[in-house]
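Chemist: Quick one: structure below, then a few questions.
The values are calculated or read from the model by the stated rules, or taken from the named source; none is laboratory data. All values derive from a computational prediction rather than experimental measurement. Every residue, glycine as well, gets a Cβ built from its backbone with ideal geometry; the counts of neighbours run over all protein chains shown.
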């Protein structure tokens, strides 16, 4: 037998006992559980206690007619989904329409053929099963969505805590450590001055100066990172000539390049305007060019080229010599993500991370990839505006505050 064997059918019909008994017997022979009631009020009370899977409902009954019984069924949230098939001697179209409007799913006219009744009962029971399955599936999906939303909210809260810890850490480095470190560096510098001139002391002096510069650079970068993270609204973007930014960035990298015996390709003569502030864009590009220098072998050249793409200018920085370990590539621009052993010159510090955040502050980006022959390629995207735009050209001509 089919799944309909276990279905429960409620018959609410005001009919001759013999006819009602015949209908019950025929339905039971099909394997259904059948409960019969001659009055609608009693049927409603029983249905509320034990909802059936389907109801066969007459229209002409004492106390409550079938229309009212159906309306009351549909007003009960526990019974609203139970399919109701009207079974009536009324033949008028308006009766059928009224029955369907009151909540019925079908209408069978007496006298009926049992084969027709059986097929309609089977059809609506299957439809009801499908509807319940769909509802259960939707309920499950809602539970999954609620659970995922809760997980995302928890993850977001954890990220906020981590982000605050990071900002607090940067503030600690840039503010709380600066005063005691200045004292230590000052005393150390005086002690270095007292040393006699000999090769061993010269090497010590060089190590002290290098370490001092690294600490001061770290403090400066941490301070700027903190400002960008905590008060990004302080940095109001303007339109900046790209060629001036590139030239300044290369000029400020010249000393490091000389120390590493690396050549710098002349700045591209790109006349477009880009979005940002001149000092921060120079800082970002300088840090990226310095990174390229540190990944270069001696006597190699760092190349800079520019390309126009829709709504942006791309500055491509390429070096030859060393590559980034593949596991470190996805996290290259994260804070303190790559060790100094990965570069030819050693220490990278916060440089790549700071450059990344400066560019993001003005709607730009940077990505890095390894090259063959060995080297790295950094592609910087800067928001672009046409030089012929009158408002932007006027803004670009204004002096920096």
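Chemist: Just one of the numbered conditions (1) in a helix (DSSP H, G or I); (2) touching a strand residue (DSSP E or B) at 6+ places or on another chain (Cβ under 7 Å) is not true of residue 284; which one?
Modeler: Exception for residue 284: condition (2).
Chemist: Select from the range 219-246 the residues that are part of a helix (DSSP H, G or I) and at pLDDT 90 or above and list them in ascending order.
Modeler: Taking the range 219-246 first, the residues part of a helix (DSSP H, G or I) are 219-230, 232-234, 242-246.
The answer is 242, 243, 244, 245, 246.
Results for (1) within 21 Å of residue 113 (Cα to Cα); (2) touching a helix residue (DSSP H, G or I) at 6+ places or on another chain (Cβ under 7 Å); (3) modelled with pLDDT under 85, shown as yes or no for each residue.
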residue	(1), (2), (3)
19	yes, no, yes
27	yes, no, no
32	yes, yes, no
71	no, no, no
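Chemist: Against the definition (within 21 Å of residue 370 (Cβ to Cβ) and at pLDDT 85 or above), how does residue 293 come out, yes or no? Step through it out loud before you land on a result.
Modeler: Numbers: within 21 Å of residue 370 (Cβ to Cβ): yes; at pLDDT 85 or above: yes.
Yes; evaluated as a whole, the condition is true for this residue.
Chemist: Sort through 78, 63 and tell me the only one that's over 16 Å from residue 11 (Cβ atoms), in the same structural domain as residue 128 (by TED's automatic domain parsing), at pLDDT below 90 and within 51 Å of the chain's Cα centre (by Cα).
Modeler: Within the list 78, 63, the selection yields 78.
Chemist: Of the residues 354, 361, 350, 336, which is crowded, with 17+ Cβ neighbours inside 10 Å, within 17 Å of residue 226 (Cβ to Cβ) and modelled with pLDDT under 90?
Modeler: None of the other options fit; the residue is 350.
Chemist: Separate question: Which of the residues that make up the range 247-269 are touching a helix residue (DSSP H, G or I) at 6+ places or on another chain (Cβ under 7 Å), within 21 Å of residue 367 (Cα to Cα) and outside any strand (DSSP E or B)?
Modeler: 249, 250, 253, 267, 268
Chemist: Just checking, how many residues over the range 229-243 are loosely packed, with under 15 Cβ neighbours inside 10 Å and closer than 10 Å to residue 281 by Cα?
Modeler: The total comes to 0.
Chemist: Then there's this: Which condition breaks for residue 328 when tested against (1) modelled with pLDDT of 95 or more; (2) part of a helix (DSSP H, G or I); (3) more than 21 Å from residue 223 (Cβ to Cβ)?
Modeler: For residue 328, the failing item is (1).
Chemist: Output the number of residues of the range 75-87 satisfying the condition of being touching a helix residue (DSSP H, G or I) at 6+ places or on another chain (Cβ under 7 Å) and within 10 Å of residue 107 (Cα to Cα).
Modeler: 3
Chemist: Could I ask something else about it? Which of the following residues is in the same structural domain as residue 356 (by TED's automatic domain parsing) and touching a helix residue (DSSP H, G or I) at 6+ places or on another chain (Cβ under 7 Å): 309, 275, 293?
Modeler: Being in the same structural domain as residue 356 (by TED's automatic domain parsing) and touching a helix residue (DSSP H, G or I) at 6+ places or on another chain (Cβ under 7 Å) holds for just one of 309, 275, 293, which is 293.
Chemist: Okay, next question. For the range 292-314, give me each residue that is assigned to a strand (DSSP E or B) and under 28 Å from the mean Cα position of the chain (by Cα).
Modeler: Initial filter on the range 292-314 (assigned to a strand (DSSP E or B)): 296, 301-309, 312-314.
Scanning the range 292-314 gives 309, 312, 313, 314.
Chemist: Kindly list, by first and then second residue, each pair from a residue in the range 39-50 that is closer than 14 Å to residue 77 by Cα to a residue that is in a helix (DSSP H, G or I), limited to pairs with Cβ atoms under 9 Å and residues at least 6 apart or on different chains.
Modeler: Sorted first by the residue in the range 39-50, then by its partner, the pairs are 44/69; 44/72; 44/73; 47/73.
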